[in-house]
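First the structure, in the form of structure tokens, and then the observations on it.
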Amino acid sequence: MRCLYIDIDTLRPDHMGCYGYKRNTTPNLDKVAEEAVIFDNYFCSDAPCLPSRSALLFGRFGIHTGIVGHGGTAADKRLTGIGRSFTDTDERDNLFYLFRKAGMYTASISSFPERHSAWWFNGGFNEMHNVGEGGMESGETVLPIALDWLSRNKNKDEWFLHLHLWDPHTPYRAPAEFGNPFKNEPLGNDWITQDIFDKHCKKAGPHSARDISGLHDTADPNYPRHPGSLKNLDDVKHFIDGYDCGIRYADELLGQVLDMLREQGVYDDTAIIISSDHGENMGELGIYGEHGTADQITCRIPMIVKWPGCTIGRDAGFRYNLDLVPTIAEIFGLPACDKWDGKSYAGVVTGKDHDTDTGRESLVLSQQAHVCQRSARFGDWLYIRSINDGFHIFDDEMLFNIKNDPYEQYDVKAEYPQICAQGAKIILNWHDEMMKTADTDVDPMWTVYREGGPFHAPDSALDYYASRLEDSQRSEYAGILRKRIK
């Protein structure tokens, strides 16, 4: 068989037509979804890019692999140690190597390993292609490689291709000649009113409305779709248009890939998996254009599986991206690895469990690159605990009703202390179970904390950002941060 894994960076599902978005951002991917299983509550266990893809590849939480951040000790995979054989078993029990075990030739077109020095990501591939721009490339540099690869391998029956596009990732970089197909369209989600935006403009924190570029408001002239700050609702629309243009641009490029499979007469028999590493906040928690929290918006990702001869429909169960490893193993009849934290949902794909809820009762979501934060997602609720808020001035705990408040604007912890207690218990129980099965007594979240805080908002940047707040008439927040970080 053939399998195409479409990996679109920073793609939040609710900006796709098949997930209900009003704008026509993904017409080509939506066609695939019509023949697939669409997973509605699919999450990366560890955000953002590097921790997410390590969990995906190894089928293990970051607390087990050690990869939870973007820098320092917690950006490196833990060594196997004395139990390592001639080769590291992690390199042969990972997602991509499973396709090799199933007799398929495996290839990847991605600059992710170079971007994060994550060379372990190449462990399952026979062939790797890297355009060499470290994730800053636009899709038109990737597409020719993909089309050439498919052309050269059109007569092969057994292949797996991982195809990675970065276009929705910051900074939004769809080419100028692509234009803006959404210029005269309203926003797909019009929940940001003037009152809400006024509150966002008063907020402190990286990637807030006044600090889109992170800890400052300086824009890069090379990326006009990505301004340094938002001053009014027109700016908000321009900014969200930039993100949606990245999605639509990636979709149009992928349309050419899918058309080639159709022209070769192999589309119907090709398994297609469409997913992402994380989402992107567009005003949620007062954050714009970043994937820097352990919340619903950052951690929920699309998952669409078109598997020849299998189920078409939707699945509502809570699932992690790390569940894909045991799922693929079960579909291929390969033995499971006792290190995996994932739970197979092969029965949903094959149709065996299509009418049965095989999802998890709750999820624990982690983010240690921009904040030090863990969350519990259960029922209608999102409970968030922060031990370092990355200069956002979050409360230590927050609670949101995702059903009634999908954009995370109203913290209701004071009204529902018993729900907070339930969320805290979910995180505590999960942590205890994870540490029981860890090969060290070190929780990498605390490693990040002890090494000076999250990579993208380190404690060492306090004076810089506090001065920025004072210079932008937000001095009260500078005082709060200086008291919090000593």
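The values are calculated or read from the model by the stated rules, or taken from the named source; none is laboratory data. Given the structure is predicted, the values throughout are model-derived calculations rather than measurements. Cβ: placed from backbone, ideal geometry, glycine included. Neighbour counts: every protein chain shown.
Taking residue 183, is it among the basic types (Lys, Arg), over 20 Å from residue 297 (Cβ atoms) and part of a loop (DSSP other than H, G, I, E, B)? Yes. When region 327-364 is limited to residues that are among the polar types (S, T, N, Q) and assigned to a helix (DSSP H, G or I), the one that is nearest to residue 437 (Cα to Cα) turns out to be 327. For region 355-377, filtered to residues that are touching a residue at least 60 places away in the same chain (Cβ under 8 Å) and under 21 Å from residue 40 (Cβ atoms), the residue that is surrounded by the fewest Cβ atoms within 10 Å (Cβ to Cβ) is 362. Taking (1) under 27 Å from the mean Cα position of the chain (by Cα); (2) within 18 Å of residue 483 (Cα to Cα); (3) surrounded by 13 or more Cβ atoms within 10 Å (Cβ to Cβ) in turn, residue 468 satisfies each apart from (1).
When you go through 57, 29 one by one, which is the residue that is more than 30 Å from residue 265 (Cβ to Cβ), in a helix (DSSP H, G or I) and among the aliphatic types (A, V, I, L, M)?
57
If only residues of region 98-112 that are surrounded by fewer than 20 Cβ atoms within 10 Å (Cβ to Cβ) and in a helix (DSSP H, G or I) are counted, the one that is nearest to the chain's Cα centre (by Cα) is 100.
Regarding residue 173, is this residue touching a helix residue (DSSP H, G or I) at 6+ places or on another chain (Cβ under 8 Å), closer than 18 Å to residue 135 by Cα, basic (Lys, Arg) and touching a residue at least 12 places away in the same chain (Cβ under 8 Å)? Considered against the rule, which asks whether it is touching a helix residue (DSSP H, G or I) at 6+ places or on another chain (Cβ under 8 Å), closer than 18 Å to residue 135 by Cα, basic (Lys, Arg) and touching a residue at least 12 places away in the same chain (Cβ under 8 Å), residue 173 comes out as yes.
In the set 436, 413, only one residue is among the basic types (Lys, Arg), under 27 Å from residue 54 (Cβ atoms) and at pLDDT 95 or above; that residue is 436. The single condition among (1) under 20 Å from residue 298 (Cα atoms); (2) of a type outside the set (S, T, N, Q); (3) in contact (Cβ under 8 Å) with a residue 24 or more places away in the chain; (4) assigned to a loop (DSSP other than H, G, I, E, B) that residue 190 does not meet is (3).
Please pick out the residue among 73, 89, 65 that is surrounded by fewer than 17 Cβ atoms within 10 Å (Cβ to Cβ), touching a Lys or Arg at 6+ places or on another chain (Cβ under 9 Å) and more than 30 Å from residue 406 (Cα to Cα).
Answer to the selection: 89.
In region 110-139, the residues that are touching a residue at least 24 places away in the same chain (Cβ under 8 Å) and more than 18 Å from residue 58 (Cβ to Cβ) form Cβ pairs under 6 Å with partners that are buried (at least 17 other Cβ atoms within 10 Å of the Cβ) and among the hydrophobic types (A, V, I, L, M, F, W, C), at six or more places apart or across chains, as follows: 111/131; 135/166; 137/131; 139/165; 139/250; 139/253. Among the strands (runs of 3 or more DSSP E) confined to region 255-326, the ones with at least 2 residues that are crowded, with 21+ Cβ neighbours inside 10 Å, in contact with a helix residue (DSSP H, G or I) (Cβ under 9 Å, 6 or more places away or on another chain) and not polar (S, T, N, Q) are located at 270-275, 288-290, 303-306.
The set of residues from region 438-479 being in contact with a helix residue (DSSP H, G or I) (Cβ under 6 Å, 6 or more places away or on another chain) and farther than 30 Å from residue 63 by Cβ comprises 466, 469, 470, 477, 478. Look at (1) touching a strand residue (DSSP E or B) at 6+ places or on another chain (Cβ under 6 Å); (2) closer than 17 Å to residue 374 by Cβ; (3) free of Cβ contacts under 8 Å to residues at least 40 places away in the same chain and you find that residue 412 fails only one, number (2).
Elements of the type helices (runs of 4 or more DSSP H) sitting completely within region 396-486 and holding at least 1 residues that are among the hydroxyl-bearing types (Ser, Thr, Tyr): these cover 444-450, 462-471, 475-484.
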